Structures are given as structure tokens and as C-alpha cells.
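The values are calculated or read from the model by the stated rules, or taken from the named source; none is laboratory data. Bear in mind the structure is a predicted one, so any value in this text is a computation, not a measurement. Cβ sites come from the backbone with ideal geometry, for glycine too, and all protein chains shown count toward neighbours. The area values use the complete protein model at the heavy-atom level, side chains included, leaving out ligands, DNA and RNA. Shrake-Rupley method; radii C 1.70, N 1.55, O 1.52, S 1.80 Å.
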Amino acid sequence: MGVHSAAERVLAGLDPEQRSAVTAPAGPVCILAGAGTGKTRAVTSRIAHRALTGDIAGRHVLAVTFTARAAAEMRSRLGVLGVPGVQARTFHAAALRQVRYFAPRLLAGRAMPELLDSKVRVVTLAAAKVGLRADRAAARDLAGEIEWAKSSLVEPGEYVVAAAKALRETPYEPARVAEVFDAYERLKRGNGVIDFEDMLRAAVWGIEEHPDVAEQVRNQYRHFVVDEYQDVNPLQQRLLEAWLGGRDDLTVVGDASQTIYSFTGATSSYLVDFPRHHRGATVVRLVRDYRSTPQVVGLANAVIAQARGAEARLRLELHGQRPPGPEPELRIFTDEPAEANAVAARCRALVAGGTPAREIAVLFRTNAQSEAYEKALTEAEVPYVLQGAERFFERPEVRQAMIALRAATRSVPGETPLRAAVVEGLAAVGWAPDAPPAGGAARERWEALAALVQLAEEYAATAEVLPIGEAAAVERPRGLADFTEELARRATQQHVPTVEGVTLASLHSAKGLEWDAVFLVGLAEGTLPTTYAKTPEQVEEERRLLYVGITRAREWLWLSYAAARSPGGRARRPSRFLPQLDRSGGGERAGAGPARRAERRRPQVVSCRICGATLLAGADRKLGRCPTCPSDLDEELYERLREWRQRVAGAQKVPAYVVFTDATLTALAERKPARTEDLVAIAGIGPRKVGLYGDTVLALVAGAAVDDVCPQKTFEN
């Protein structure tokens, strides 16, 4: 095959926007790629097309990504396209390769320092040096703060001011964190080791301070591609600029609406400001979504359309390219156990219906939420795998807590209420039922132990009935010993090894993945957005997390929340990010006051008459049941209603749906209203239609023939 035909083959099958990205001229190019729009295909096709047309040589291209998996996929696709030799690596892998290569020159023959796999051990020693006793969770949070600072090009002496400006929620007083940071740096130097940020800095230093190194690197790499550009941090951007050396043959790919890692130092500002910093840049928007059905895409658009802030300037309205699919389900349950059990039951039904378990995911905001779903899936005999986290009962803090609770059975008085006994037992591992600590790992540890307290509340609510003699029974309150046995039973059940199963994952760890069926659970205020999102920027990042979750689904999407955490618990509201799926109320009347607008927006609570779940989608509310619950349609009544509607529409010379829609007829034939009040309870039947047709419809439901309520001759005049 000739070069020209090979290059044309690369363009085959691309949509117009992808083709524009592939054929854009050399120079700065910004590809704004929405979820599922084929960004990897576009960027690899751009590299291949340029190489096959002779514009560039593959060996002079450096493509950087954020995961080894993405880099491997890029290399694989380029190989299939006939362009070997392109270096596709993560930022860290690319920097490490260069530092190792130039180490003899940069270090004057000295050995390259050892690279730390984890900061935690050294951070723990550094904390002790400055008088802080940090457990593993606290050390992880301190390591996270140090990583943020170094990625943001902040030195120990600058940390306090920088943390205040960034509104960081620090695990200790900022001044104390700065002391640990400084001690950490000194310990590293003393032990001759470096961390990943040091390695990136060394790559920058090697280029910026050594002209011979800069010349060799820039002669090797002349064309650059950066994937997931919204996730770049200042240190990575500094390295990219060092590689470029003032040149502008740079293609970046990103989606500002998927910016969800700002807590690590990542910032979408480089993507947002790309056209301003690179005058004359080509900007291409990929908006055709090939991953999800139009129904899923429509919901994603509705969620992100409400976004505010800098990232919202680049939001994309996606256009679904797949055939239509089912509408997303929005479900409300009385409490979290009921929600988890319903999810598990639906997962089991999906698997029984032919959906592979590996194509199903349950996504939640925090890892501490996983326990309820691990338990529910286990009891439903549905295999599962946990993505990006340990199983609940395998977490160190949970194992320690279970040991502490077993010990407490010997010291806590037997008459102590179960919740109080558990709280007292957990005091031995440093847990207290007050506000959770700052810092991600410490807070997650607190929430995991708080989940044990919640389990105790649920367990105590179901007292054990013990027989007394033959004719009587008594309820015995469940004590701490019973609860520890229950925890051991659950741990044993959930330790069953699985090879393939339903994926349980946090929204953060789900980024970049996709499934046929996705459950987004726990969508309540205080969970999503989390109560710790205090600033407008933090709240907007929570909105983007939901957007990322929605766009993981290919065909089937379930969104749910529990009205209370535990049975009988305090009521809570649905997430503010959930759009009102019932649009039947029409537009807002001009001049309506705030109170009237709020009243109009407030959805009427309608529960499924079969399973009891709250219904919010308009069609479901009209039917009075979930779309997946069995129908009890009276087909004979439905046919009489249809014949009556046809006669009325003919007499009024209007389309049949103007009288009643098919959905309304179905609701009537299922619900069989016996009174005017029952008619009005069906969404879409207002006072006007009750006045026009109410008595006739009630007569038909009661068994009247169509000729009895509207004789044929009436409509033949």
C-alpha cells in the first residue's frame, strides 16, 4: 500500500470533527473531547496521518498520558496504523527514562538516588522528628499535602501562605504541616532517596540548567501530544514547557467537564487558557458521543448545563450517536439498606437476563459506602470486584476495630445499648462520634468506622425473637457480643474470592472506564456533594463527579438515593445536581414570585404501587409504577378506552393524543380509578380534562360499553 493510500485509510470512518482534529496544521492544537467522543482514535490518527504523509517522523513524537494503560493503548493503536517508534508514556515514566539516561552526565558519575515507592514511611519519621505522632491515615494525608505542594511548585517555607490561598483543608495546622514537609525533605536528602516529584524536577533541572541536555532532548522530541490535559499540574506543565523549549508543535486533548482531581494539584487552567497562551491555535470540539445512548447523553447534558465557573466556559453539549435506549431510572428508597438491596436485586436480574457481570458497575462517592453493597451483593449471590480500594472488612482500620470490639465485650456492661457499646469500644482505636478529621485518608478512616456504628444501629433495630416455652416469645435486645459475631459472619461472606463480577468503585476511580449498566447510588445532599465541599469551586467539582459517573454508562443507567441513612433515621434531600426529570409542568410563567416558582418546582411525591420506590420520571409517575415492575394492564378496558378516544378525537377533529396520550390510557387501564380523586391523582389529568371526560372515563372503567357512553350515531352527524 502506498503512503498516500495509507494516510487516506487513517481518515476513513472519522466524523467531520475528528477529521478536522487529525488534519489540523502543525502548531498548537487544542482538542476539546467530550466523554465517549473517540479522543484516543482522533489523537492517534493525527499522529499516524502526519507520519504517513511525511510531515513528521514517529521517533520524534512524545505522547504523554496519565496512566500506563492509556499509554499502552495509544502505542497499540499506532502500531495497527503502521506507525511504530512513537514514545507514548506517562509523565513520570518519560521523566524517569530521561533522568536515568542523563544521570551519569548530571551527577558527575555518582549513582542515581533510589526512588521512593511511597512517601508514607518517610513522612511518618518526619512527623516524629517534629513531635507529631501520625498513624498511617494521618501519614497518608500528610504525604498528600506534601505531594500537592511539590506538584504546585511550593517549597516548605511557602506552604502556609500557599495552603491558605488554595483553601486547603489540612490534616494539621498549616504551620505544623510545613514543619513535617521541611523535615521530610531533609530526611530524604540525608538518606539519598528521591520521590516522584523530585524526579520530575530533576528532569526539568536537567533541561533548564544544562544546554547540552536540552539540545539532545529537543532534538529527539520535536512534536508533543498531551492527553487528559485538564489533569496537568504546575510541575508537569513546567516539564512540558522545558521539553518544548519555546516551540509550538503541541497537541493537547482534554475535557474541562471531567476535571475532578484538583485536590491533587491538577488544574484545568492550562486547558482553559490554551488559546490565549498559544495565539493562532486550532481548537476542535468533539461532541459526537459514540459510547452512550441518547437518553444517557441527554441526562449528562442536563447535569453539566447547570455548571458554573471557569471550567463551564468549555463545556460541551454532546450528541448521542447510538440507537435509543431506556430512560435513566431515578429511584428513592426509605434507607440505605433498602437502596443497596434493590441495587443487588436489579444486578442479579441483569445478570440473569444475559448482561455479563463485568459489564455492570455500582459507583459511589466514597469508599466507605461500599460495605452496604458488598453485603447486599453477597446475600444476592452476585459476584463483585472492588475497584481501586480494599474490601470493607479487609481495611486495616476495620480489622483493628473488630479486634477492639471483641475486647470490649469483656469490659462494656452487658446492659449498655448497642450503639453506645460500639462507640465505647471504638474509642480504643481513637474514634469518636464528633466531626470527622480533616484530610482525605484520616476522614475516610473515620467514615469507615462510622459505618460500623451505623451497622450497629441497623442491627439493633431488628431484635432477635427467642421462644419461651411453647406459647410465648420475647424480644431480646442484641448486644455487643451478638454484633461482633454478625461482623465476623459478614467478613467471612465477603472474603469469597471472585474472578469476574459487578464492579464496585468510587466515582474518582471510575474515570476512564465504561460499562453497559451503571448504578449511581447515594445521590443525597451531604454525600454528593459531600459536606466538605464548602467553596463554589469545590461544589462544582462535585457536580463534575456526577457528570463523569453518568457518562460511564453505555446503555442502562440507574440513579438513586436513600431518604435516610438507616431505618427511621433523619430525613435528607436528594442531590442538588439531579435534574427534575418530570418536565410535564411546562414553562415558568413570567412574573411569578419566588414562592410560587419554588412551589411549582416542588415535585409531587408519587410512589410505585408495586415496589414502593418514589417515582420522579414523568411517564413513571403517570403509570404509578417503575418501568421494570410488572404491569397489571386490563387489556379489554384499554381497548374500550382507545375506541372511545378515537370517537371523541374524530368528533372534535383533533389528534387522538390531544384527548389522552397512550401513556394516560395505559395508566387508566392499569390503575382503574373509581372516583374523581383517583383520576386527578394520575399525572396529566387535570381539572379541565376531568370536567370534559371524567364521568365518561369512570363509567368506562366501571364496565360501560363505548356505545353506552358515546353512541356511534352521535359522531356520524
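Just a few scattered comments:
- The residue pairs whose first member lies in segment 329-351 and is of a type in the set (D, E), whose second member is part of a strand (DSSP E or B), and whose beta carbons are closer than 6 Å, counting only pairs six or more residues apart or on different chains, are E329/W558; D335/A562; E336/A562; E339/F333; E339/S560; E339/A562.
- Residue pairs meeting the criteria (Cβ under 7 Å; at least 6 apart or on separate chains; first of a type in the set (V, I, T), in segment 439-464; second modelled with pLDDT of 75 or more and open to solvent by 40 Å² or more (accessible area, probe 1.4 Å)): V453/R419; V453/P433
- Applying the criterion of being more than 14 Å from W556 (Cβ to Cβ) and assigned to a loop (DSSP other than H, G, I, E, B) to the residues of segment 317-331, the residue that is least open to solvent (accessible area, probe 1.4 Å) is L318.
- Matching residues, segment 357-390, being open to solvent by less than 50 Å² (accessible area, probe 1.4 Å), in a loop (DSSP other than H, G, I, E, B) and of a type in the set (D, E, K, R): R365
- Selection of segment 281-305 for residues being over 15 Å from A553 (Cα atoms), open to solvent by less than 50 Å² (accessible area, probe 1.4 Å) and in a strand (DSSP E or B) yields T282, V284, L286.
- Within segment 143-164, being open to solvent by 70 Å² or more (accessible area, probe 1.4 Å) and in contact (Cβ under 8 Å) with a residue 60 or more places away in the chain holds for one residue alone: E147.
- Any hit, segment 60-72, residues being of a type outside the set (A, V, I, L, M, F, W, C), touching a Pro at 6+ places or on another chain (Cβ under 8 Å) and over 30 Å from S509 (Cβ atoms): no
- Members of segment 26-57 found to be part of a helix (DSSP H, G or I) and out of contact with any strand residue (DSSP E or B) (no Cβ under 9 Å at 6 or more places or on another chain), listed by number: R41, S45, A48, H49, L52
- Of all residues in segment 672-688, those that are closer than 16 Å to A699 by Cβ and either modelled with pLDDT of 85 or more or in a helix (DSSP H, G or I) (or both) total 7.
- The listed residue being open to solvent by 40 Å² or more (accessible area, probe 1.4 Å) and out of contact with any Asp or Glu (no Cβ under 8 Å at 6 or more places or on another chain), out of H210, H278: H210
- Only helices (runs of 4 or more DSSP H) whose full extent lies in segment 115-171 are considered here, and the ones with at least 2 residues that are touching a Gly at 6+ places or on another chain (Cβ under 8 Å) are 136-151.
- Residues located in segment 101-130, provided they are open to solvent by 60 Å² or more (accessible area, probe 1.4 Å) and either under 30 Å from R395 (Cβ atoms) or at pLDDT 90 or above (or both): Y101, E114, D117, S118, R121, L125, A128, K129
- Per-region count, segment 44-91, residues touching a helix residue (DSSP H, G or I) at 6+ places or on another chain (Cβ under 6 Å) and open to solvent by 60 Å² or more (accessible area, probe 1.4 Å): 4
- Residues of segment 469-504 satisfying the condition of being open to solvent by less than 80 Å² (accessible area, probe 1.4 Å), at pLDDT 70 or above and assigned to a helix (DSSP H, G or I): L480, A481, D482, F483, T484, E486, L487, A488, R490, A491
Yes/no matrix, rows are residues, columns are (1) over 20 Å from G430 (Cβ atoms); (2) open to solvent by 60 Å² or more (accessible area, probe 1.4 Å):
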position: R133; (1), (2): no, yes
position: A139; (1), (2): no, no
position: A166; (1), (2): yes, no
position: P174; (1), (2): yes, no
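- Criterion applied to E185, E197, E215 was being out of contact with any Phe, Trp or Tyr (no Cβ under 7 Å at 6 or more places or on another chain), acidic (D, E) and open to solvent by 60 Å² or more (accessible area, probe 1.4 Å), and the one residue passing it is E215.
- Entry remark, segment 439-449: residues being touching a Phe, Trp or Tyr at 6+ places or on another chain (Cβ under 8 Å) and either at pLDDT below 75 or open to solvent by less than 40 Å² (accessible area, probe 1.4 Å) (or both) number 4 in total.
- Taken over segment 391-428, the criterion of being open to solvent by 70 Å² or more (accessible area, probe 1.4 Å), assigned to a helix (DSSP H, G or I) and without any contact (Cβ under 8 Å) to a residue 40 or more places away in the chain is satisfied by R399, Q400, I403, E424, A428.
- Tally, over segment 25-43, of residues that are open to solvent by less than 10 Å² (accessible area, probe 1.4 Å) and over 15 Å from Y290 (Cα atoms): 6
- The one condition in (1) surrounded by fewer than 22 Cβ atoms within 10 Å (Cβ to Cβ); (2) modelled with pLDDT of 95 or more that T251 fails to fulfil: (1)
- Those residues of segment 549-575 which are over 15 Å from V521 (Cβ atoms) and either surrounded by 15 or more Cβ atoms within 10 Å (Cβ to Cβ) or in contact with a Ser or Thr (Cβ under 8 Å, 6 or more places away or on another chain) (or both), in sequence order: T551, R554, E555, S566, P567, G569
- Any hit, segment 128-142, residues being touching a residue at least 24 places away in the same chain (Cβ under 8 Å), among the hydrophobic types (A, V, I, L, M, F, W, C) and closer than 29 Å to V217 by Cα: no
- Residue that is surrounded by the fewest Cβ atoms within 10 Å (Cβ to Cβ), among those in segment 11-24 that are assigned to a helix (DSSP H, G or I) and in contact (Cβ under 8 Å) with a residue 24 or more places away in the chain: L11
- Residues being assigned to a loop (DSSP other than H, G, I, E, B) and surrounded by 16 or more Cβ atoms within 10 Å (Cβ to Cβ) - total across segment 526-547: 3
- Every residue from segment 343-356 that is buried (at least 22 other Cβ atoms within 10 Å of the Cβ) and small (G, A, S): A344
- Residue match in segment 91-98 (condition: within 24 Å of Y159 (Cα to Cα), touching a Lys or Arg at 6+ places or on another chain (Cβ under 9 Å) and either in a helix (DSSP H, G or I) or modelled with pLDDT of 90 or more (or both)): no
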